[in-house]
Every structure is written in C-alpha cells, then in structure tokens.
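No lab work stands behind these numbers, since they all come straight from the coordinates. Please read these numbers as outputs of a predicted model, since none were measured by experiment. Cβ coordinates were reconstructed from backbone atoms using ideal geometry, including for glycine residues, and neighbour counts include every protein chain displayed.
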Amino acid sequence: MIFVDESIPVGERLFNSLPDLYERSDIMRMLMDIRGDELGKIQDILDEILLQFSINTATWTIEWWEKEYGVNASYKNSLEERRSVVKAKMRKGDASHNILLKRVVDAYTNGQVETRFENGIIIVAFTSFYGVPSNLDDVRESVLRIIPAHLPFEFEFRYYFIDEVEKLTINEMEASTLDAFSF
C-alpha cells in the first residue's frame with residue numbers, strides 16, 4: 001500500500017514526481033493541475049461507489065438493496081427508515097434455508113434434527129440418536145451447499161452419559177457403538 005500525503009493537492013504531487021527538467025515549465029504545471037483535478041474527481045466517484053456496498057452507507061442503491069431482500073420500497077419513508085427495513089430483513093434471514101437444511105439433514109440421518117442460529121453460527125443438532133452419523137462427511141457437504149458461504153456452522157451430537165447408561169439394558173448396550181458414549 002502506498003501512503004500519500006493528502007494535504008498536498010494531487011496536481012502538485014504529480015508535478016513533483018516529474019523529472020527536474022520540467023521544474024520551470026508553466027505548461028507542465030498547468031497540465032498536472034488539470035490531471036490532478038480530474039483524478040480527484042475520479043477518486044470521489046470511486047469512494048461514493050464503495051459506500052454503496054454497505055447498507056449502512058448506501059444512498060442511490062437503496063432500491064437495489066430493497067429488491068435483493070424482497071422489501072417493498074416505500075418512497076415516502078426517509079433513507080434511514082428504508083435502510084432499517086432492509087437491515088431487519090437481513091437479520092431475519094431466510095426461513096426457507098432453515099427448512100431446507102432441516103429436511104436435507106433429516107434425509108441423511110433418518111432421524112430428528114434441530115437447526116438454529118446462535119451468535120452468528122448455524123447449529124445442526126442431531127437429537128433422535130446417540131453418537132456421530134456414519135455419513136457425516138456427506139451431511140457436511142450438503143450443508144455447505146445450502147447455507148450462505150459466509151456463515152460458519154457446527155454439528156451438535158448426543159452422547160450417553162453415565163446416568164443414561166445405567167438405565168440401558170444389556171441388549172441396548174450391545175447394539176450401541178462406542179462413539180455413542182461420552183468419555
């Protein structure tokens with residue numbers, strides 16, 4: 001990254017970067033001032049465009065944000081109010097992803113699964129059986145295809161604890177694999 005002293009006008013910085021033989025040229029100084037003004041305008045435009053990539057600073061792209069999140073645009077509302085509606089929709093998330101995720105994981109495990117969103121992490125909890133599913137890699141791959149790429153996820157498993165083991169019959173214990181027990 002190049003650090004520039006922005007207190008010096010762009011035209012003057014350009015002129016100072018030229019070879020010394022242009023030092024006395026008024027024409028070259030004028031050309032660099034004009035180029036500096038134009039580069040300053042371009043930089044201002046780029047800065048404005050970058051502001052549109054965040055809902056917190058979006059102005060002229062607010063309609064695009066509303067369309068992206070399925071918000072009915074209300075032109076009578078202020079820009080801040082319109083941003084708030086989009087932010088609320090963003091935080092709410094898409095319930096259809098949650099339903100799809102639950103159905104897909106249920107299909108892989110033939111069991112009950114709960115999905116929830118906690119502290120920015122998607123939790124997939126296996127609730128109807130003990131231990132780790134044998135096809136966990138396939139489940140993980142499917143989950144990654146469903147959830148938004150920027151969100152992390154974790155699996156939560158059930159294990160037998162000592163008080164639960166004491167209640168098992170011999171046949172139930174023999175049918176269980178070691179990965180179903182908490183150590």
Query raised in the report: Is at least one residue of the stretch 9-22 free of Cβ contacts under 8 Å to residues at least 40 places away in the same chain, touching a helix residue (DSSP H, G or I) at 6+ places or on another chain (Cβ under 8 Å) and not in a helix (DSSP H, G or I)?
Result: yes
Report task. Identify all residues within the stretch 111-143 that are among the hydrophobic types (A, V, I, L, M, F, W, C) and farther than 12 Å from His97 by Cα; write none if there are none. Result -> Val113, Ile121, Ile123, Val124, Ala125, Phe126, Phe129, Val132, Leu136, Val139
Query raised in the report: Restricting the first residue to the stretch 56-71 and requiring it to be closer than 14 Å to Met90 by Cα, which pairs with a second residue that is in a loop (DSSP other than H, G, I, E, B) and not small (Gly, Ala, Ser) meet a Cβ separation below 6 Å and a spacing of at least six or different chains?
Result: Trp65/Ile55
Query raised in the report: Restricting the stretch 49-84 to residues that are of a type outside the set (Phe, Trp, Tyr), within 24 Å of Ile122 (Cβ to Cβ) and buried (at least 16 other Cβ atoms within 10 Å of the Cβ), which is nearest to the chain's Cα centre (by Cα)?
Result: Ile55
Report summary line: Within the stretch 102-129, of all residues that are touching a residue at least 24 places away in the same chain (Cβ under 8 Å) and farther than 16 Å from Phe157 by Cβ, the one nearest to the chain's Cα centre (by Cα) is Gly120
